[in-house]
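Okay, structure first, notes after.
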Amino acid sequence: MPTYAHATTASLDIAYLEWNPRGTRVAMLLHGWPDSPVGWAHVAAALAERGYRVLAPALRGFAPTRFRDASTPRSGQLAALGRDLLEFVDVLGVERPVLVGHDWGARAVANACGLRDGVASHLVMVSVGYGTNDPGQPLSLQQARNYWYHWFMATPRGEQALRDDRRAFARLMWDTWSPPGWYRDSDFDAAAAAFDGPDWIDVVLHSYRHRWGFAPGAPAYADDDARLNPSPVLSVPTLVLHGGADAVNHPDSSAGRERYFAGRYARQVLDGVGHFPQHEASAAVADAILGFCERD
C-alpha cells in the first residue's frame, strides 16, 4: 500500500504521493477516471531521476482524498477539478510546476491554466483534446458510441449498475479502451483501491451528468464555469500526447486544436497505444514530457 501525504484545502483533505522531495523543479501528475495516483509510478520515477520533485494527488472522490465537510456538494464538475488543483498548488507553496494530466486529470490541469494564467511552466495533456468540455460540442456518431457509459450513467439503470459493482464497471473500461493485455490484475487492484472512497460514486455520477447538462453545477463553481466556457486561449507551452489506439477518446478528438494556444504547442500520437499511455508506454511518455519541458 503506498504511503500518502496530505494537504488541507478549503474543502478537501487531498492525499498525494511524492517522489524526490528535494527536487529542484516540480511536476504534478493528475490521474484520470478510472485510475489513481499509483498509475503514474513509472513516469514519476523517470522524472524524479532527472531532478524533479513529483507530486501525484488523488482527485476529489478518489480515496484517500476526503471532503472535509459532509455538507459540501459532491460535485464532479470539471471546473471543480481545476479549482482543486489551484488550491493544492497554493497550499504546498509550489511555483510554476509542470502540470501533467491524464483523462479527468488532463481536464483539471488545462482548467487550472485557464483559471490562472502563469500557474504552470508547462502543460501536458494525455488522452484528451483541449476545448472538449462544452456540452454543446459537435460529436461524431463514432465518438458518441464511445461515450456510451456517459449516457448510461445519466440513467437510473446506469447509476444502479455503478452502485452494484463499481469495480466491475471500471474494469470494463480498462478492458475495452486499450489493446488487450496491457495490464495485470495487480495493476487494476492497485488503482481500484481509490474507487472505494465513500464519495466516489456520487462524484463520478455528477461529473458525467453535469458535463452534458443533465445535472446542475455547484454554485461555488459558477464563476469558474463561466470563465472556462468557451475554452480560453492558453499561453502556457503545451504538449498533447494521445494513443493511436485509444478506443474511448479517438485520437482525432485532440487534433486541430492549435488555435487555442498562444505559446509553443506540440502534439504526439503514440502508435499502438490505447487510452492509458502512462501505463502502457511509460518510458515514451516520460521521454516526451522531459524532451518538451527541457527545451526551455
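The values are calculated or read from the model by the stated rules, or taken from the named source; none is laboratory data. These numbers were taken from a predicted model, which means no experiment stands behind them. Here Cβ is always computed from backbone atoms with ideal geometry, including for glycine, and neighbour counts include all displayed protein chains.
Filtered by the rule that a residue be in contact with a Pro (Cβ under 7 Å, 6 or more places away or on another chain) and assigned to a strand (DSSP E or B), the range 221-279 gives LEU241, HIS242, GLY243, VAL269, LEU270.
Inspect the range 188-202 for any residue being under 19 Å from the mean Cα position of the chain (by Cα) and closer than 24 Å to GLY114 by Cα and give the result as yes or no. The answer is no, given that none of the residues of the range 188-202 is under 19 Å from the mean Cα position of the chain (by Cα) and closer than 24 Å to GLY114 by Cα.
Taking the options ALA70, ALA79, name whichever one is of a type in the set (A, V, I, L, M) and surrounded by fewer than 24 Cβ atoms within 10 Å (Cβ to Cβ).
One residue alone meets the criteria, ALA70.
Condition test on THR238, is it under 17 Å from the mean Cα position of the chain (by Cα) and either crowded, with 17+ Cβ neighbours inside 10 Å or not aliphatic (A, V, I, L, M) (or both)? Yes: the conditions hold for THR238.
Scanning the range 132-191 for residues that are charged (D, E, K, R), free of Cβ contacts under 8 Å to residues at least 12 places away in the same chain and assigned to a loop (DSSP other than H, G, I, E, B) yields ASP165, ARG184. Kindly provide the set of residues from the range 90-115 that are in a helix (DSSP H, G or I), among the β-branched types (Val, Ile, Thr) and over 8 Å from the mean Cα position of the chain (by Cα), ordered by number. Once the filter is applied, which keeps residues that are in a helix (DSSP H, G or I), among the β-branched types (Val, Ile, Thr) and over 8 Å from the mean Cα position of the chain (by Cα), the range 90-115 yields only VAL91.
Looking only at residues of the range 254-296 that are at pLDDT 95 or above and of a type in the set (D, E, K, R), we find that the one that is farthest from ARG96 (Cα to Cα) is ASP271. Screening the candidates TRP174, TRP151 for the property of being farther than 21 Å from ARG267 by Cβ and either modelled with pLDDT under 95 or under 17 Å from the mean Cα position of the chain (by Cα) (or both) yields one hit, TRP174. Only a single item in (1) in a strand (DSSP E or B); (2) touching a Lys or Arg at 6+ places or on another chain (Cβ under 6 Å); (3) not hydroxyl-bearing (Ser, Thr, Tyr) is not met by GLY23, and it is number (1).
Examine the range 37-57 for a residue that is buried (at least 20 other Cβ atoms within 10 Å of the Cβ) and part of a loop (DSSP other than H, G, I, E, B), and state whether such a residue exists. Taking every residue of the range 37-57 in turn, none turns out to be buried (at least 20 other Cβ atoms within 10 Å of the Cβ) and part of a loop (DSSP other than H, G, I, E, B).
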